[in-house]
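Single-structure report; data block below.
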Amino acid sequence: MNINIKWNEKFGWYLDTQQLIRSFNNSDTEHLEITENLIEMQKAIIELIDERINIDIEAYESIEMWKCEDYFSLNNTLLKFEDFNNKVLTVEIDGELNPENEGTDLIDVIVHNDILNENIKGSIEVCYGYMYFDEEHRAADGMNEEVNFCLDEVIEAIQEVSQHLKHQIQQDKEIIRDTINKIGL
């Protein structure tokens with residue numbers, strides 16, 4: 001009696017597998033072959049599922065997710081990044097450069113971070129040098145030009161988003177791995 005139950009259970013799985021393949025073949029352009037070998041049919045199903053859920057990171061292009069300028073320009077968006085939940089991080093540059101002796105210009109670097117719900121502002125200070133001469137045309141007083149970057153919080157915000165996305169990808173991988181294990185693939 002136990003032998004018949006095991007055989008019936010196996011035969012039931014075989015019929016269920018055949019029915020799944022028939023349903024799949026009716027709704028897809030790829031067709032799986034129905035054979036008498038349950039193990040071969042399971043392998044074909046697993047192979048097809050693996051092909052469809054496997055993401056080759058090297059071949060994956062995320063052009064839609066992020067845009068980064070390869071040059072620095074004023075009053076422009078330097079970086080725009082969209083996460084998997086359509087939330088956006090942007091880094092914008094705002095300001096003017098008006099070079100004049102002893103002058104200083106401040107360029108704002110603004111981070112709008114909807115991914116982690118924070119806005120941050122950094123700056124780049126440009127100080128223009130000067131040189132004064134006395135009546136005898138000798139250098140009397142002067143200052144070198146200088147550029148000061150106050151971008152620590154901006155860099156930190158971008159790194160936090162990067163870590164957040166890495167963590168999110170790791171969690172998604174674990175969910176996929178658990179799902180694959182639960183369904184026995």
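Below is a table of values for the structure above.
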{"quantity": "Cα centroid of segment 112-162 to Cα centroid of segment 64-94, whole Å", "calculated": "21 Å"}
{"quantity": "Exceeding the 31 Å Cα-Cα cut-off - candidates LYS43/LYS87; LYS121/LYS166; LYS43/LYS67; LYS43/LYS173; LYS67/LYS182", "calculated": "LYS43/LYS87; LYS43/LYS67; LYS67/LYS182"}
{"quantity": "Rg to Rh, two decimals, where segment 75-141 supplies the alpha carbon set and Rh follows Kirkwood", "calculated": "1.33"}
{"quantity": "Packing-based exposure ordering (other Cβ within 10 Å, fewest first) of HIS137, HIS112", "calculated": "HIS137, HIS112"}
{"quantity": "Neighbour-count ranking [beta-carbon atoms within 10 angstrom, fewest first] of ARG177, ARG138", "calculated": "ARG138, ARG177"}
{"quantity": "Of the GluC sites (Glu not before Pro) in segment 88-185, those whose Cβ has at most 16 other Cβ within 10 Å and which sit in DSSP loop", "calculated": "GLU96, GLU100, GLU102, GLU135, GLU136, GLU145"}
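Readers should treat all values here as calculations from the given coordinates under stated rules, not as data from a laboratory. Keep in mind it's a predicted model, so treat the numbers as computed, not measured. Cβ: placed from backbone, ideal geometry, glycine included. Neighbour counts: every protein chain shown.
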